[in-house]
Each structure stands twice: as C-alpha cells, then as structure tokens.
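These notes are about the structure you will find just below.
Since every read-out is calculated from the coordinates, none of them should be taken as a lab result. None of the values given here were measured: they were computed from a predicted structure. Here the Cβ positions follow ideal geometry from the backbone for every residue, glycine too, while neighbour counts run over all protein chains shown.
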Amino acid sequence: MKRILLSALLVLMLPLGACSPTETASTPEDSVIQPFVTGAIPDQDPEKLQRLYSKLADYLEAELGVPVEYQPVT
C-alpha cells in the first residue's frame with residue numbers, strides 16, 4: 001500500500017516540477033533591439049506619405065519604446 005501511494009505521489013510531482021520558472025527567460029544584456037519597420041502602399045504623393053508616416057513612426061517609437069522606421073513601398 002505504501003509503495004503504491006509513494007509511486008502515485010512521484011507521478012504527480014513530476015508534472016509540477018516541469019512547471020517551475022526558468023532563469024533563462026530574461027533578455028540577455030548584449031541583445032540588439034531590432035527596429036519595427038512599417039510601410040504604406042503609395043496611393044498618394046511619396047513626399048506627403050513620408051511626412052505623414054514619419055509622424056506615425058515617431059509616435060509609435062515613443063509609445064512602444066523601440067526604434068520605428070518607415071519604408072515606402074515601391
């Protein structure tokens with residue numbers, strides 16, 4: 001009876017051990033943040049799109065905290 005109870009306890013403990021958090025989940029110090037690149041279909045004057053979407057890129061960069069670039073689609 002004790003052997004069955006001990007076996008059942010071990011079987012139940014194994015999945016719980018797999019759920020423990022790991023130390024490697026943090027971001028490494030030397031990692032490079034990739035820029036967020038956005039684009040638009042050129043249905044207007046490209047210079048006007050550059051002005052409009054550079055404002056959007058500045059806003060997103062401030063809100064997200066990552067570099068944002070606008071690349072026009074050709």
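Sorting 54, 31 by the number of Cβ atoms found within 10 Å of their own Cβ, with the fewest placed first, yields 31, 54.
Rank the residues 51, 3 as a footprinting-exposure proxy: fewest other Cβ atoms within 10 Å of their Cβ go first.
Ascending Cβ contact count within 10 Å gives the list 3, 51.
Of 1, 13, the sequence from fewest to most neighbouring Cβ atoms within 10 angstrom is 1, 13. Note: relative contact order over the chain, using C-alpha pairs below 8 Å and six or more positions apart, is 35 percent.
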